[in-house]
Number of protein chains: 2
Amino acid sequence: MERIEHRACFEGWQDVYRHQSATLGCSMNFAIYLPPQAAHGPVPVLYWLSGLTCTEQNFISKAGAQRYAAEHGIAIVAPDTSPRGDDVADDAAYDLGKGAGFYLNATQAPWAAHYRMHDYVAEELPALIEAHFPVTSARAISGHSMGGHGALTLALRNPGRYRSVSAFSPIVAPSQVPWGEKAFTAYLGPDQAAWQAWDAVALMANVAERLPLRVEQGVGDEFLEKQLRPELLQAACDAVGYPLQLNLQPGYDHSYYFIASFIGEHVAWHAQYLHA
Amino acid sequence: MERIEHRACFEGWQDVYRHQSATLGCSMNFAIYLPPQAAHGPVPVLYWLSGLTCTEQNFISKAGAQRYAAEHGIAIVAPDTSPRGDDVADDAAYDLGKGAGFYLNATQAPWAAHYRMHDYVAEELPALIEAHFPVTSARAISGHSMGGHGALTLALRNPGRYRSVSAFSPIVAPSQVPWGEKAFTAYLGPDQAAWQAWDAVALMANVAERLPLRVEQGVGDEFLEKQLRPELLQAACDAVGYPLQLNLQPGYDHSYYFIASFIGEHVAWHAQYLHA
């Protein structure tokens, strides 16, 4: 594991590391913000999953989350959004292949060889973080758009792993929207029965754990009606009596200006569970 | 004037406009953040000048200043860093030509035709802003690196125009450092007497106004000793008894992670003068 960036930020450190991932079979970058409190003892970790086309850089340079992580004494880990490198299958489109891993384990050629982002984020990455950094095993998870789908499905598939889960503008029902239909057909094949294990709305029907769940959604989001459809998550939660805090924010769009405007509230919200 | 971006951000709006600049003879973009208070009445304006290679985008996407502008009821205007377009002279290097206007009025060919960023920022842009947006004529100015040089020289050359001036990691004495020597030779010619009118340390000797002046400088800045040299500004201020608040911040580098860490303090500091 090699540190490739190291920058002072809000009295802590915004670092980026590169390591060889056994799960993905390639070299991966991840970002970690260590708040000032980490110099004095272990701190809990918020995992952040980014959206389509992003790398580990987008969230750390645009969201302004470090201020709040420093305020609440929380580390933030932001991985890349897919396996990387010349050996990794790709597609010319922005919504398939590199930059579009969808936080699942692919079963279809040519994707299955490397695209195992679920296992990377759920298992290999936290094991690495907890072995090498001053952190506790208290974990929360959040993300944006494709990464909001990732946060929701990671939490729903892995009871006991996280204290709380939130999402910004998530793809809540990938089986029912164009982005998800395209990616799932490629990564998982045409049999839609196999898709249900990677779809938050479908997983909610058999939910095993009642984590605190918060979703922030801009009402001015250009992808709201076609790709995101938060009403499907609301209905799925209502059907099983799962408490969902769904905040619809008038005017806000799909951009990092929306994330920046509300990430402070999300970090504070996760902090109450991470420090409990 | 055409609005090309319009994004909700911290209950205000982060917009980008394009207009034809008479001063520069080309089409220019500028960013303006209008805080929520601007919906109810005019607000003062902080002008932000970015550094080498930047456009109007860098500050608005990376600094996280909107939170503080919303908190204090201040608009922030961020212009591009040079004239733009196919008709505008350029150089292959990152530190000359487009993206490197140095906030001066060039006198040498081929630069003199368009490179008049001083007059654009000091006169045309505020006139445009004050004619078309809900702002007062209370102005402050700040910037980073080349833009820190810009903020200092704009304030020193234009008494009565600003209420306060600050800078992050500024080039305080361009006449004495490689970035400035290269740019000034090209834009102003080899006669160093002509350079003094665009050099904050030289201008300080005949300063006409005692504005509140604050400089933030990272001690871990990779350009500190060769290009920035804040000790020259400290000496020039000491020589004329000009009060300078020079904050040396251990560990911080030249990046936007440094700006993000202290922009809140700068916005609050400017606010006390802008609202006085």
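What follows is calculated from the coordinates using simple rules that are stated; it is not laboratory data. Because the structure is predicted, anything quoted here is derived from the model rather than measured. Neighbour counts run over all protein chains shown; Cβ positions are idealised from the backbone, glycine included.
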| note | Sole miss for B:Ala31 among (1) within 22 Å of B:Ala155 (Cα to Cα); (2) assigned to a loop (DSSP other than H, G, I, E, B) is condition (2)
| Among the residues of segment B:46-84, how many are in contact with an Asp or Glu (Cβ under 8 Å, 6 or more places away or on another chain) and in a strand (DSSP E or B)? | 2
| Looking at segment A:189-212, is at least one residue closer than 27 Å to A:Ala75 by Cβ, within 14 Å of another protein chain (Cβ to nearest Cβ), out of contact with any Asp or Glu (no Cβ under 6 Å at 6 or more places or on another chain) and not polar (S, T, N, Q)? | no
| query | Can you name every residue in segment A:248-275 that is among the polar types (S, T, N, Q) and within 13 Å of A:Gln217 (Cα to Cα)? | reply | A:Gln249, A:Ser255, A:Ser261
| Residue count for segment A:217-276, restricted to those that are exposed (fewer than 14 other Cβ atoms within 10 Å of the Cβ), under 23 Å from A:Ile76 (Cβ atoms) and within 10 Å of another protein chain (Cβ to nearest Cβ) | 0
| request: Sort out which residues of segment A:18-42 are of a type in the set (A, V, I, L, M) and in contact with a Pro (Cβ under 6 Å, 6 or more places away or on another chain), and write them in order of number. | output: A:Leu24, A:Ala38
| query | Which one is farthest from A:Gly12 (Cα to Cα) among residues in segment A:42-61 that are surrounded by fewer than 21 Cβ atoms within 10 Å (Cβ to Cβ) and within 14 Å of another protein chain (Cβ to nearest Cβ)? | reply | A:Gln57
| request: Would you check which residues across segment A:129-157 are part of a helix (DSSP H, G or I) and either touching a Cys at 6+ places or on another chain (Cβ under 9 Å) or closer than 14 Å to A:Tyr103 by Cβ (or both) and list them? | output: A:Met146, A:Gly147, A:Gly148, A:His149, A:Gly150, A:Ala151, A:Leu152, A:Thr153, A:Leu154, A:Ala155, A:Leu156, A:Arg157
| task | Scan segment A:1-37 for residues that are away from chain B (no Cβ under 14 Å) and buried (at least 21 other Cβ atoms within 10 Å of the Cβ) and report the count. | result | 5
| query | Which of (1) under 26 Å from A:Tyr33 (Cβ atoms); (2) in contact with a helix residue (DSSP H, G or I) (Cβ under 8 Å, 6 or more places away or on another chain); (3) part of a loop (DSSP other than H, G, I, E, B) does A:Gly160 not meet, given it meets every other one? | reply | (2)
